[in-house]
1. Using 1/(1 + (r/R0)^6) with R0 = 30 angstrom and r between the beta carbons of Leu76 and Ser34, what's the FRET efficiency to the nearest 0.05?
2. May I ask for the net charge around Glu66, where only other residues with Cβ less than 13 Å from the Cβ of Glu66 are counted and Lys, Arg are +1 while Asp, Glu are -1?
3. Which distance in Å, rounded to a whole number, links the C-alpha centroids of region 101-154 and region 11-42?
4. Pop a pseudo-label 7 angstrom from the Cα along the beta-carbon direction at both Phe21 and Lys45 and give the gap in nm to one decimal.
5. To the nearest 0.05, what FRET efficiency results for Glu175 and Arg121 with a Förster distance of 25 Å applied to their C-beta separation?
6. Over 31 Å between Cα atoms, which of Lys42/Lys94; Lys94/Lys166; Lys88/Lys166; Lys88/Lys179 qualify?
Amino acid sequence: MESGNRVETGRLASELEALLFASDVPLSVGRLSSITGESSAKTIKETLGELEEFYRSCRRSFGINEVAGGYQITTLPEYAATVSLLFKSRRKAKLSQAALETLAIVAYRQPISRTSVEAIRGVNCDGVLATLTERELIAISGRGEGLGRPFLYSTTSRFLEYLGLKDIRDIPDMEKLEKSLETIDLIPPSQHSVENGGKQEPGEGIEAGNTGEDDGS
């Protein structure tokens with residue numbers, strides 16, 4: 001029985017590793033359970049922990065991180081500079097200052113209405129909220145009380161993925177958050193969005209960098 005358990009544990013570890021390796025988004029324990037057939041969340045978490053310990057003991061350049069409500073294989077921070085060279089020619093897209101400010105407000109005050117965001121920023125935020133929603137960094141999470149029951153905005157799991165956070169409680173202080181948001185490279189809009197005439201207000205959305213390796217970086 002003991003030998004059989006070791007075999008099963010080894011197979012589960014291999015299956016979990018394969019799933020995390022193949023997925024480009026974090027996988028929840030529930031999702032891993034439904035695919036592998038292992039009903040015990042505790043067993044899955046313990047096996048993931050054993051895999052992480054194995055990677056560390058072998059001094060691998062990657063590990064398993066808990067992020068955005070799931071698990072994902074990621075390269076270690078010390079290899080970030082090396083990995084970035086692989087994507088140096090990729091089109092870069094950054095958040096504008098207006099988008100940075102708005103996203104930070106939503107992150108700290110969520111759920112929050114458009115009028116509340118505008119009251120804090122002092123300017124109209126329709127365009128930037130639309131852009132952040134299109135980029136899946138924020139989403140409508142409900143309706144507020146009062147006249148018209150305005151939509152309320154909250155950050156998404158994609159937001160947590162970009163920042164490598166386990167959940168919303170791990171958001172750093174405002175200054176660190178803004179610095180982290182300034183450094184993320186956003187995924188370009190989907191072709192579907194472009195074909196459907198996705199628009200953004202000047203200065204209210206994304207700042208796109210140049211392609212190629214002569215960008216001065």
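1. Details: r = 29 Å, r/R0 = 0.97.
E(calc), rounded to 0.05, equals 0.55.
2. Working: positive: Lys45, Lys166, Arg169; negative: Glu52, Glu161, Asp167, Asp170.
My count for the surroundings of Glu66 gives -1.
3. If you average the Cα positions of each part, the centres end up 34 Å apart.
4. 2.6 nm
5. Values: r = 17 Å, r/R0 = 0.70.
For Glu175 and Arg121, the calculated efficiency is 0.90.
6. On the way: Lys42/Lys94 39 Å; Lys94/Lys166 23 Å; Lys88/Lys166 28 Å; Lys88/Lys179 21 Å.
Flagged as over cut-off: Lys42/Lys94.
FYI, it's all coordinate maths here, none of it is from the lab. Keep in mind that this is a model prediction, so the values were computed, not measured. FYI the Cβ positions are ideal-geometry reconstructions off the backbone, even for glycines, and counts take in every protein chain you see.
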